[in-house]
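Working notes, structure below.
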Amino acid sequence: MSGALRAELRRISTTKLWWITLICIFVLSAGYAALPAAVALLQSRAGVASSPFTDPGIIRSIYNGGNVLSRILAMVVGIVAIGSEYRYGTLAWSYLATPGRIRMLLGKAGALLIFGVIYGITSVAAGMLVAVPFVTANNGSLLLDQPDTWRSIILGVCSIALWTMIGMGLGILIKNMLIALAVGILLGFLVEPVISVVFFLKRWDQLLNVMPSGATNAMLEITSPVLFAAQHPTPWWVAGMILAAWCLLPALAGLLSAVRRDVV
Amino acid sequence: MAPIIVERLIKSYNGKLAVRDLSFVVQPGRVTGFLGPNGAGKTTTMRILVGLTSPTTGTATFGGVAYAELPRPQRTVGCVLDASFHPVRSGRNHLRVLAPTAGASDRRVDDLLGEVGLGEVARQPAAEYSMGMRQRLALAAAMLGNPDYLILDEPANSLDPEGIRWLRNFLRDFAASGRAVLISSHLLNEIEAMADDIVVINRGRLLAQMPMSKLNLGEGTTRARVSNMQAALHALTSIGADVQTAVDERGAYLRIPSHDVSQVGSVLFSSGVTVDELITERRDLEQEFFSMLEGSR
């Protein structure tokens, strides 16, 4: 493992933010996973759906229930990883240790991705723990024998990890950490969801599929209308590429601007 | 070991020149003081040296290699620019973050913390450190890779007198082992006490580069304040002394560069002139510094 990557892993693991975020993701993911599970339970009691806990779409929605929130928290960690360096004037230390700007930022990106994967696993694990009592109490199935379920789980982890890159890009582009956080959270929690809901209600599936949350839903093959998923999603791998583009664009733009700037 | 060579460095910010065609050499085995008034371009030059700022033209190299081209720069160059730290991270963890790229073990981190006198507060968050403690932590960070060159921008800032003495001894030992130190400071008497060479710049231009020994600091001129200027002048010129008259806020006085205090004293005594003050004016780096700046205007 390169020195730059090890340095960045230590940089993240020596602040409180990473484990506070980890706990938040676990608790909130459990709560958010219970939402589609409860809806499915109500539908089943009302006789709308016959056996929702064997429906792969619903099971996947429960497993990835925390995704919508965890990805925002993962983005926050990405923003703070860069933003705090600007805020406390410590970026010079990073550049002194690794003067190659692209190498230094790749080290940061790699470390963030590793933490993103940890957050992703935590989020999905919380969803799976919530699924167990619902499924066993209702004669359902965890569908762990199906490759599609595992694909959804793995992509769920990957999508959360990718959202750390959106954060890193935002953090580089907007040097003021507090403004970057406000912009990121506002976009992630308000602007993007509102636009997505409009597209969902208008049934503009093509537009919905290219939104970050729409692409994430399509990638995870979530069909629950509770999460405003498109009726005609793109294949998971196309959705994955759309999400990767969303994540990498700000990161690349940030990289390019940081490579030229003098360090202050 | 090769010197640090700064060659024809120019840095312009939006057409404004911060560094103008600056060239100087920092020799190994010596402490080089880097002097200049605020805004002279000292910090800019030091940041260019370690690749944080890119020069408009010119080069700055360590043994012919620019900082950014060094394979593991922390093992060649140690650098204290400003003592900024993440407030929550402990001093120890700050060094541990910098250790992997410097090839330093946790053991080395703990040893260094002890060496700079931070062993007992190593696990406290940096926010609880005083400015002096931060400077010590920054110096420990610079030393992580056991470098051959040290570049320090105002490291004596906010150190207490004991800390300054410690720093002085530390840098003297470092240079004595054949390694090179470039240190900027506005504390001229500090530089006077520790530097072997000085580089003076003003408005981005080199004013002087010379060994401290060439400045002839400490050699003095005799100054006398007397009741009767005419009688004193007469008595002193009669023994062939070189006498100048000068004026300061307390009035007129005599400067006699050719004779020392005891010679001047005995002449004035035998001529019956009442002496109000008789001292040796020692020239220090501060006076040299200001006369260099005056000369550049």
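Okay, here's what the table says:
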read-out: Pairs where the first residue, in region A:1-17, is within 12 Å of A:LEU112 (Cβ to Cβ) and more than 7 Å from chain B (Cβ to nearest Cβ) and the second is assigned to a helix (DSSP H, G or I) and of a type in the set (D, E, K, R), C-beta under 7 Å, 6+ apart; value: A:GLU8/A:LYS108
read-out: Number of the condition not met by B:LEU167 [criteria: (1) more than 18 Å from the chain's Cα centre (by Cα); (2) part of a helix (DSSP H, G or I); (3) surrounded by 20 or more Cβ atoms within 10 Å (Cβ to Cβ)]; value: (1)
read-out: Test for B:ARG203: is it within 17 Å of the chain's Cα centre (by Cα), in the same structural domain as B:GLY39 (by TED's automatic domain parsing), under 24 Å from B:VAL6 (Cβ atoms) and surrounded by fewer than 21 Cβ atoms within 10 Å (Cβ to Cβ); value: no
read-out: Candidate set: region B:50-65, residues that are under 18 Å from B:LYS11 (Cβ atoms), of a type in the set (Gly, Ala, Ser) and more than 7 Å from every other protein chain (Cβ to nearest Cβ); chosen: the one surrounded by the fewest Cβ atoms within 10 Å (Cβ to Cβ); value: B:GLY58
read-out: Residue satisfying condition, being at pLDDT 90 or above and assigned by TED's automatic domain parsing to the domain that holds B:PRO100, within set B:ALA193, B:ALA156, B:ALA122, B:ALA208; value: B:ALA122
read-out: Number of the condition not met by B:TYR13 [criteria: (1) within 11 Å of chain A (Cβ to nearest Cβ); (2) under 18 Å from B:SER184 (Cβ atoms)]; value: (2)
read-out: Any pair with Cβ under 7 angstrom, 6 or more apart, that starts in region A:182-196 at a residue that is modelled with pLDDT under 90 and ends at one that is buried (at least 16 other Cβ atoms within 10 Å of the Cβ) and of a type in the set (Gly, Ala, Ser); value: A:GLU192/A:SER213; A:PRO193/A:SER213; A:SER196/A:SER213; A:SER196/A:GLY214
read-out: Selection from region B:50-80 of residues that are more than 23 Å from the chain's Cα centre (by Cα) and more than 21 Å from A:VAL259 (Cα to Cα); value: B:GLY64, B:ARG75
read-out: Tally of residues being within 9 Å of the chain's Cα centre (by Cα) and over 12 Å from B:VAL26 (Cβ atoms) across region B:170-192; value: 8
read-out: Residue among A:ILE118, A:ILE154 that alone is of a type in the set (A, V, I, L, M, F, W, C) and surrounded by 17 or more Cβ atoms within 10 Å (Cβ to Cβ); value: A:ILE118
read-out: Criterion (under 19 Å from the mean Cα position of the chain (by Cα), away from every other protein chain (no Cβ under 14 Å) and of a type in the set (A, V, I, L, M, F, W, C)) met by exactly one of B:ALA83, B:ALA40; value: B:ALA40
read-out: Candidates A:ILE59, A:ILE114, A:ILE79, filtered to the one that is more than 14 Å from chain B (Cβ to nearest Cβ), under 23 Å from A:ALA230 (Cβ atoms) and of a type in the set (Val, Ile, Thr); value: A:ILE59
read-out: Single condition A:LEU112 does not satisfy, out of (1) modelled with pLDDT under 90; (2) crowded, with 23+ Cβ neighbours inside 10 Å; value: (1)
read-out: Some residue of region B:105-122 being without any contact (Cβ under 8 Å) to a residue 12 or more places away in the chain and within 10 Å of chain A (Cβ to nearest Cβ); value: no
read-out: Candidates A:LEU208, A:LEU173, A:LEU178 - the one that is more than 30 Å from B:HIS86 (Cβ to Cβ) and not basic (Lys, Arg); value: A:LEU208
read-out: Within region B:211-248, tally of residues that are closer than 30 Å to B:VAL26 by Cα, outside any loop (DSSP other than H, G, I, E, B) and either at pLDDT below 90 or touching a Gly at 6+ places or on another chain (Cβ under 8 Å) (or both); value: 5
read-out: Every residue from region B:71-80 that is at the interface with another protein chain (Cβ under 10 Å from one of its Cβ atoms) and assigned to a loop (DSSP other than H, G, I, E, B); value: B:ARG72
read-out: B:ALA68 being modelled with pLDDT under 95, assigned to a helix (DSSP H, G or I), within 9 Å of another protein chain (Cβ to nearest Cβ) and within 29 Å of B:ILE48 (Cα to Cα); value: yes
read-out: Qualifying residues in region B:124-138 (those that are touching a Gly at 6+ places or on another chain (Cβ under 8 Å) and within 14 Å of another protein chain (Cβ to nearest Cβ)) - the one surrounded by the fewest Cβ atoms within 10 Å (Cβ to Cβ); value: B:GLN124
read-out: Any chance A:VAL198 is touching a helix residue (DSSP H, G or I) at 6+ places or on another chain (Cβ under 8 Å) and surrounded by fewer than 24 Cβ atoms within 10 Å (Cβ to Cβ); value: no
read-out: Subset of region B:86-104 (residues that are hydrophobic (A, V, I, L, M, F, W, C), assigned to a loop (DSSP other than H, G, I, E, B) and either crowded, with 23+ Cβ neighbours inside 10 Å or more than 8 Å from chain A (Cβ to nearest Cβ) (or both)); value: B:ALA104
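Okay, residues lined up against (1) more than 19 Å from A:LEU142 (Cβ to Cβ); (2) surrounded by 17 or more Cβ atoms within 10 Å (Cβ to Cβ):
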| position | (1), (2) |
| --- | --- |
| A:ARG10 | yes, yes |
| A:LEU28 | yes, yes |
| A:TYR32 | no, yes |
| A:LEU35 | no, yes |
| A:LEU41 | no, yes |
| A:GLY47 | yes, no |
| A:ILE58 | no, yes |
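The values are calculated or read from the model by the stated rules, or taken from the named source; none is laboratory data. In this text, all values refer to a predicted model and were calculated from it rather than measured experimentally. Positions of Cβ are generated from backbone atoms using ideal geometry, with glycine treated the same way; all protein chains shown enter the neighbour counts.
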